[in-house]
Ligand SMILES: O=C(O)CCC(=O)C(=O)O
C-alpha cells in the first residue's frame, strides 16, 4: 500500500488489487446472497433508484441508516410488490449498517488492511458511517447517476473516503465504476439533506439541481474480484446499468474523519446514539 496517498491526492481515487483474498471475497458474497433468501413481504418492498429517487419520500429509507434494510430494483417489482424476477436477482442493494450489524461484514470492514489504508491517507480518528451491499444484477441492475459521495456524507472540512470492494469482476459490460480523475479538486457540488419543509412529501432533498458533468472527463475503471477502489469523497463517479448476463456484486462503505472535523447535522444519515463506530478502536 505504498504511495497511495500521492495517487489519491492527484486523481481522487486509488485502485488496490488483491485487497482481499478470493476466499474472503466468497465469504462476503455468500452472506450478501443470504439476504435474497429472506425478502420482506410484498406490501413492504421498496425500490432504490438514483434516477427517479423514490427513496426521498420513504421513512423506510431514512430508517435504514442503522439497520440492514433491503431495496429492490425498479424492474424487479410489479406495482403490487410481486416479483417479476427470481428473488436471487431482485435486490438493488442492502444497507446501511452492515458494517456493524452483520458479523462477517463487520469483520472485513474493521480489518487491519482497511485500517492501514485509512492510516496511509492520514486519517487520525476515522469512523465508518455507512455501508451497502450492491448487487447490480444481470439485465436489470440500474444506473447509479454521476455523483460525489460528499453530497450524502458532508463533513466540514470534507474528509471522506469510500471503500468499494469488487466481489465479482467488474467490467464495462456488467457496469463497472466510471470515475473522473481529478474531479475531487472542485469542491462539493450539491448536498442531500433532510427536508426542513414539514408540508413537503419529500423527507430528503437535494439543495441544488444535478450539475451537468461531461462524459469525456470520465474513465471506466474495470477491476477484478478482490480489488478495492478508494474513492475520495469529492471525486465524481457513476456506473451504467448492467445489461449483461453477469452480476456485478460489490461491498462498499464510507469512512469519515472525526478528529477536528464536524459531521453535518443536515445529512440524511445521522450517527447512532454512541456515535459512528471508530475504525481503529473496533
Ligand atoms: O456500485 C456502483 O455501481 C456505484 C456505487 C457508488 O457510486 C457509491 O456507492 O457511491
| field | Full-extension gain in nm, residue 173 to residue 74, via 0.36 nm per residue minus C-alpha separation | value | 33.6 nm
| note | In deg cm²/dmol, rounded to the nearest 500, the helical mean residue ellipticity at 222 nm of the chain, built from -39500 (n - 2.57) for every DSSP H run of length 4 or more, is -4500 deg cm²/dmol
| Alpha-carbon gyration tensor eigenvalues x 5, square-rooted, for the chain, Å | 26, 22, 20
| query | Taking R0 as 51 Å, what's the FRET efficiency between residue 57 and residue 224 from their Cβ-Cβ distance, rounded to 0.05? | reply | 0.85
| said: Can you tell me the length gained on complete extension of the stretch residue 210 to residue 44, counting 0.36 nm per residue apart and subtracting the Cα distance? | reply: 56.8 nm
| message | Place a point 7 Å from the Cα of residue 125 along the Cα-to-Cβ direction; which residues of region 79-117 have their backbone N under 19 Å from it? | response | 115-116
| task | List the pair-distance distribution P(r) of region 139-282, using every Cα-Cα distance, as the percent of pairs falling in each 5 Å bin from 0 up to the bin containing the longest distance, rounded to whole percents. | result | 2, 9, 16, 20, 18, 16, 12, 5, 2, 0
| query | Going by a ≥ b ≥ c, the root eigenvalues of the Cα gyration tensor, does region 27-92 fall in the rounded group (a/c under 1.5), the prolate group (a/b larger than b/c) or the oblate group? | reply | oblate
| message | Sorted from largest to smallest, which semi-axis lengths in Å does the alpha carbon gyration tensor of region 62-118 give for its equivalent ellipsoid, taking the root of 5 times each eigenvalue? | response | 30, 12, 9
| message | Can you sort 31, 263 from fewest to most other Cβ atoms within 10 Å of each residue's own Cβ? | response | 31, 263
| Over the Cα atoms of region 182-222, Rg to Rh with Kirkwood Rh, two decimal places? | 1.14
| Quick one: length gained pulling residue 2 to residue 260 fully straight, 0.36 nm per residue minus the C-alpha distance? | 90.3 nm
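No value in this document is a laboratory result; all are computed from the given coordinates. A quick note: this is a predicted structure, and the numbers were derived from the prediction, not measured. Note that each Cβ is placed from the backbone with ideal geometry, even for glycine, and that neighbours are counted across all protein chains shown.
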